[in-house]
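Data block below; observations after.
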Amino acid sequence: MKKIIGIFVLLAFTAFSFAQGDYEAFRFTQTEISGTARFMGAGGAFSTTGGEFSALSLNPAAIGLYKRHEVTLTPMSLAFSNNTSKYYGTNTFAKNPKYTVPECGLVINSKIENSNWKSWQFGFGYNRIMDFNNTFRADAQNVNNSMVNAVLRHAQGTPYTALAGDAGLFWSTWAIDTFPNQPDHYYSPFENAELNHSALVEQFGAIDEISLAFGGNFQDKLYIGASLGIPIIDYKERITYSEALSNDLEVGDYLTSFQTVATQRDAGGGINLKLGIIYQPVSFLRIGAGFQTPTYYWKIKDTYDREMLAQYYDGTNSKTWSYTNRNNFTLTTPLKFNIGATFLIKKHAFISAEYNFCDFGMANLYSNEYNYTTENQAVKDKYGICHTLRVGAEVNLAPQFALRAGYNFKSSPYKLTSGPYNGSAHYASVGLGFKSKYFFADLAYVLKLNKDSFWLYEGNDPAVSAVEYENSTHRIVATIGCKF
C-alpha cells in the first residue's frame, strides 16, 4: 500500500533535480578555437594581427585593420572525434562525426578624408564559440559500487511519501525500499552488490555568438574597437546508464538490473561587451589587448527528464517510471582578457602570439526557484584560473597563395590536480589560402587533443562516478568570401 501512495505523491510533486550544478557554470563558460579557416589555420592567433572576422571574438580592435568591405562564410566544418574513456580501469572506444556551419560575417569599411582617423568600420555576423557535440561510452565489470548509494544518501531521513526526483524514482521501482516500520530509513539490494556498469553519453549543441562590432583606424598606428556579443545556448545531453548483477545469484531482494535515461535540455541567451586596442609603434610590430566583460545569461530554460526501467529476479516483471523537472536560472560567467603581439615580415608573412586569461571560479548561478549557495561554493572550490596560449604564422608563397600553421595550449581549469581532474587541451593546425582582387578561399585542418572527466551521477566521492576520457578530433574547415 505504501508504494501505491508514494507513487501518486511522486507524480503530483515536482522537486528540483541534480541536473543543474557547478558543472553547468563550467560548461557554459567554456570557449574554444573556432571560426574561419584562415583564423583556425593560423591557430586563432589574430587578436593583434587583425583584419579577420573571427578575431573580433577575442579583440574587437582587429576590425580596425580592415581596408575594404568584406563578406565571409564558413559553410563547412567537418569533425571526426575519437574518444577513449576509462571507467573503473576499463577502456572503451567511440567515434563521433559532425558537420557544422561555424561562421559568417560582414564588415563595412568607411574611409575618412582629411582626418587623422583614416577609417571607421562596422561588423555584423556570428561565430561558434563552443561546440558541445560529443559521444562516448563507459563500461565496467564487477564493480562494488552503485548509483543507488548516491540516491540513498539523499533519501535517508525523508519519509517515503515526500520522496521526489531520483529518490522518488528509485523508490517507485523498488530499487530502494524502507526498513520495516521505518518510513524514512532506506536500503537497496544493490547497495553492497557486485555489478556490471554501462553508460552512453551523448551531447549535442553549441554556443553561437552574434557580434555587432565597431572600430576605427587612427593614423595607421592605433586601432580601437568595441563589440556587443549576444551568445545563444542550445544544448542537449542524453545519458543512458545501467547496472546489473555480475552473476545470476539473487542479492537481497529480487531486483536484478535497472536502466535510467536522463535527458537534459538548456536554451537561453546572454549579453557581453568586448573592448580592444591595437598599437603599431613600428612597421614590423603590433601589440594589443582585449577585454570581455562577464557574460550575463538570463533565464536559461532547463528541462530535465529521467526515465527508469527496473528488471526483477523472476524475469517476467518490470517497472518503468519517469519524472520531469523544469527550471529557469541565470548564469554570470567570468570576465576574460588577452594580450598579444604580431611580428610582420614586410607584406609577405607574420608571426603572432597571444595569451588569454579566464578564472572559471568566478562563475555564478542564480534562480528565484532554487538557492544555488552550495553549487556556487563548489564552483569556487573546484574551478580556477585557465591559461590559454596561442601562436600562429602565415607566409605568402606567391601573391595569390598563403600557407599557415598554428598551435594552442589550454591549461586545466580545475584547482584540483589529482584524481579525475584534468581538462587540458592541445590544438595543432595547418592551412592554405587563395586570394584574388575580389575573392578568397581558405582551407584548414585542426587536430585537437584533450583530456577531461565526466560525472555520471552525483556522489560523495567525485571519483566514484567519474569517467576519464581522452579525445582526439580531426577537423576540416573551409571558408569563402569576397572583398569589395
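How high is the FRET efficiency between Gln141 and Trp117 when r is their beta carbon distance and R₀ equals 60 Å, given to the nearest 0.05?
Numbers: r = 69 Å, r/R0 = 1.16.
Once the sixth-power term is evaluated, E becomes 0.30.
Can you give the Rg/Rh ratio of the range 99-248, where Rg is from the C-alpha atoms and Rh is the Kirkwood radius?
On the way: Rg = 28.2 Å, Rh = 20.8 Å.
Result: Rg/Rh = 1.36.
Go through His348, Leu73, Val379 and say which Cα lies farthest out towards the positive end of the charge dipole of the range 2-483; charges sit on Cβ, +1 for Lys and Arg, -1 for Asp and Glu.
Going by the Cα projections, it comes out as His348.
Report the gain in length on full extension from Phe439 to Arg238: 0.36 nm times residue separation, minus Cα-Cα distance, nm rounded to one decimal.
Details: separation 201, 0.36 × 201 = 72.36 nm, distance 4.27 nm.
Gain in length upon complete extension: 68.1 nm.
When Lys and Arg each count +1 and Asp and Glu each count -1, what net charge do the other residues less than 14 Å away from Ile224, Cβ to Cβ, add up to?
+3
Between Leu228 and Ala398, what's the calculated FRET efficiency when r is the beta-carbon distance and R0 is 30 Å? Round to 0.05.
Working: r = 39 Å, r/R0 = 1.30.
With a Förster radius of 30 Å, E is 0.15.
Obtain the radius of gyration and the Kirkwood radius of the chain from its C-alpha atoms and give Rg over Rh. The partial results should precede the final answer.
Working: Rg = 26.1 Å, Rh = 24.5 Å.
Computed over Cα atoms, the ratio is 1.07.
For the chain, with only Lys/Arg (+1) and Asp/Glu (-1) charged at the beta-carbon, what is the dipole magnitude about the Cα centre, in debye rounded to 20? Don't skip to the answer; put the middle values down first.
Numbers: 40 positive and 41 negative charges, 542 e Å.
Charge dipole of the chain: 2600 debye, to the nearest 20.
Can you give me the Kirkwood hydrodynamic radius for the range 150-214, using every pair of distinct Cα atoms, in Å to one decimal?
That comes to 14.8 Å for the range 150-214.
Sort the following peptides by mean Cβ neighbour count (other Cβ atoms within 10 Å, averaged over residues), highest first: 37-48, 164-175, 287-298. Let's see the in-between values first.
Numbers: 37-48: 31.2, 164-175: 23.7, 287-298: 20.1.
Result, highest mean first: 37-48, 164-175, 287-298.
In which sequence would Asp131, Asp442, Asp177 go, from the one with the fewest C-beta neighbours within 10 Å to the one with the most? Present the calculation step by step, with values, prior to reporting the outcome.
On the way: Asp131 22, Asp442 25, Asp177 18.
Placing the least packed residue first, the sequence is Asp177, Asp131, Asp442.
When the scattering of the range 184-329 is computed by the Debye formula from its Cα atoms alone, each counted once and equally, what is log10 I(q)/I(0) at q = 0.11, 0.17 Å⁻¹?
-0.67, -1.01
Based only on other Cβ atoms within 10 Å, what is the fewest-to-most ordering of Lys346, Lys451? If you can, show how the numbers build up before the last one.
Details: Lys346 9, Lys451 17.
So the residues, fewest neighbours to most, are Lys346, Lys451.
Add -39500 (n - 2.57) for each DSSP H run of 4 or more in the chain, then divide by its residues: what number comes out at 222 nm, to the nearest 500 deg cm²/dmol? Could the numbers behind the result be given before it?
Numbers: 6 runs with 49 residues, N = 484.
Helix-only estimate at 222 nm: -2500 deg cm²/dmol.
Coordinate-derived values only; no laboratory data. What you are looking at is a predicted structure, and each value in this text was computed from that prediction instead of being measured. Every residue, glycine among them, receives a Cβ derived from its backbone with ideal geometry; neighbour counts consider all protein chains shown.
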